[in-house]
Amino acid sequence: MNSWQYRTLLGAAALAAPFVLASPAPASGPADAAETGTVAAAEAVPNDDPSFLQVYDANVENLPTTTESCPGDWHDLMYYMRLQEYRPDIYLVQQISNREQLDLLLTRMKEHFGESYAGVLAEDAPKSLDNGCAGKKQQTNGIIWRTDRLSLKTSASPDNRWQAQRETPLGSTNCENNDQPRTKGVKALLLDKRSGKTVTAASFHWPQQSYGGTYCNVSNAAELSNELTEDGYGVADLFVAGGDANHSASTTNGQDNWTTWYKATNGDIGGAHRFRDAVYAGCADAGGSIPDCLADKWTLHTTTPRRIDFLLARNPSGAPPRTSHPVVPTFDEGDAADLELTGSDDQDMDYSDHRAVGAHIHY
């Protein structure tokens, strides 16, 4: 969602600014405590388990930095990921500027995690639009993968991308392709070197409601479902999709008030598209109140916090795949991770306007 509609914008990354990362902390042992009286943070390790992938999704808001007029601290999310059990295998991103900014992100991820990542975008150089902040004029969507675990099999333009739809005119029930570059989805067919299986991953960003993105999300959900299996991508053993729907799953962020697009999407509530929503599944597995759990997992804080960012998974046929270990990191958790790994943090800066979503996606 274009967050300038609700709160202070976060800016794009300062690509040329010098940046120094904290060195990855080694696993600590008795000598550490004896010599310093402290214990170094245990950092994420590569996931070599062939039964699942560690996947994250985030609207990265053009990688905001603390020195810009529309500030943020996007590295807080990287620090958070570094303190989890596993490094990202797949990272699905929305609202990244262009190929230059993707290359910056890949470079910083190598510095953070100590290994290489690669990625593809819907467009390497999307046309510029005035989005209310100088650093956010270019916006597109991307897929990033850890190269020691995954390799690219297929992602060739234009068959790897599609344009989401909007109401035309606004308020009608007529759906036509949107005209914003940021609403072009992108997909990639990846080979998992550990399991020998293939994964089709997709990143999507649907139009905001003020731009006609409510009624047509029903067709956008159906198009997402179809795109995963078209143009040769349907051969995969697993389908993973993440994105910013710009529309809540339910009218109350709770249970039994599902919006129409979500009711069709979530296989656990009978949705024909047979996706598993990793956060919903985690709340169901946890016991207790599903509505309260889902409400706590909001991803965009406006007047009323809303859950509009989703991590979805599907099998080629049958029941949805298992998902586990879902996380929706808070901004405070990002701050705390930065502080733990570097010794300092600007507590007023969030890693994005959107909270990220992560989970283990099992074959």
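The values are calculated or read from the model by the stated rules, or taken from the named source; none is laboratory data. Predicted model, so just to flag it, every value in this text is computed and none were measured. So basically every Cβ, Gly included, is an ideal-geometry build from the backbone, and we count neighbours across all protein chains shown. Only protein heavy atoms, including side chains, enter the accessible area calculation; ligands, DNA and RNA are left aside. Shrake-Rupley method; radii C 1.70, N 1.55, O 1.52, S 1.80 Å.
Below is a table of values for the structure above.
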quantity: Kirkwood Rh, Cα atoms: Rg over Rh of the stretch 176-325; calculated: 0.96
quantity: Distribution of pairwise C-alpha distances over the chain, 10 Å bins, in %; calculated: 5, 26, 36, 25, 7, 1, 0
quantity: Only Lys, Arg (+1) and Asp, Glu (-1) charged, at Cβ; the stretch 186-272 dipole about Cα centre in debye; calculated: 200
quantity: Over 14 Å [Cα-Cα, the stretch 151-244], rounded percent; calculated: 63
quantity: Portion, in percent, of the accessible area of the chain that falls on carbon or sulfur, probe 1.4 Å; calculated: 50
quantity: Radius, Kirkwood style, for the stretch 40-90 when every pair of distinct Cα atoms is counted (Å); calculated: 12.6
quantity: Paramagnetic reach from S116 (point 7 Å along Cα→Cβ, amide N under 12 Å) across the stretch 131-169; calculated: 146-152
quantity: Equivalent-ellipsoid semi-axes of the stretch 35-142, from the Cα gyration tensor, Å, largest first; calculated: 28, 18, 10
quantity: Whole-percent pair-distance distribution, where bins are 5 Å wide, for the alpha carbons of the stretch 311-363; calculated: 4, 18, 19, 16, 13, 10, 9, 7, 3, 1
quantity: Whole-Å semi-axes of the ellipsoid equivalent to the stretch 122-174 (Cα gyration tensor, √5λ, descending); calculated: 29, 18, 10
quantity: Computed Rg/Rh of the stretch 268-350, alpha carbon atoms with Kirkwood Rh; calculated: 1.07
quantity: Rough spin-label spacing in nm, given labels placed 7 Å along Cα→Cβ, for T303 and D159; calculated: 4.7
quantity: Mean Cβ neighbour count within 10 Å, used as a protection proxy, ranking 211-217, 171-177 highest first; calculated: 211-217, 171-177
quantity: Dipole magnitude (debye, nearest 20) for the chain, charges at Cβ of Lys, Arg, Asp, Glu; calculated: 1140
quantity: Probe 1.4 Å, protein heavy atoms only - accessible area per residue of the chain in square angstrom; calculated: 38
quantity: Sequence-distant residues sharing a close amide H with K193 (under 5 Å, placed H); calculated: L150, S151
quantity: DSSP beta bridge pairing in the chain, given as percent antiparallel to the nearest 5; calculated: 75
